[in-house]
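Data block below; observations after.
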Amino acid sequence: MLNNLKIKNTAIAFIGGFTGEELKNKIENYGIGTDFIKVTDGITRINIKINSNEETAINGQGPQIMEKEIKELL
């Protein structure tokens with residue numbers, strides 16, 4: 001939304017593995033800057049939603065965020 005309003009912005013997050021890289025690439029393809037912290041233990045989680053009169057959610061396990069990665073964010 002910020003990009004659509006011509007407001008410069010940067011996405012920040014913890015990312016890991018192939019899913020994190022794919023997320024990073026998709027966001028950058030929209031012209032949004034990124035400042036992601038790569039985690040070493042796990043991958044960015046995948047969530048699946050199934051909607052057939054009633055929504056069902058399948059949420060994958062996210063990565064383990066280590067103390068050093070939290071400090072890097074701060």
Index of the failed condition, ILE7 passing every other in (1) at pLDDT below 95; (2) surrounded by 13 or more Cβ atoms within 10 Å (Cβ to Cβ): (2)
Of the criteria (1) open to solvent by 80 Å² or more (accessible area, probe 1.4 Å); (2) touching a Gly at 6+ places or on another chain (Cβ under 8 Å), which one ILE58 fails: (2)
Matching option when the condition is touching a helix residue (DSSP H, G or I) at 6+ places or on another chain (Cβ under 7 Å) and not in a helix (DSSP H, G or I), among ILE50, ILE58, ILE43: ILE43
Count of the range 38-53 residues which are touching a Pro at 6+ places or on another chain (Cβ under 9 Å) and open to solvent by 90 Å² or more (accessible area, probe 1.4 Å): 2
The range 10-37: number of residues that are of a type in the set (S, T, N, Q) and surrounded by fewer than 12 Cβ atoms within 10 Å (Cβ to Cβ): 3
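The values are calculated or read from the model by the stated rules, or taken from the named source; none is laboratory data. Here the structure is a predicted model, which is why all the values come from computation and not from measurement. Positions of Cβ are generated from backbone atoms using ideal geometry, with glycine treated the same way; all protein chains shown enter the neighbour counts. Remember, those area values only see protein heavy atoms, side chains included, never the ligands or the DNA or RNA. Shrake-Rupley method; radii C 1.70, N 1.55, O 1.52, S 1.80 Å.
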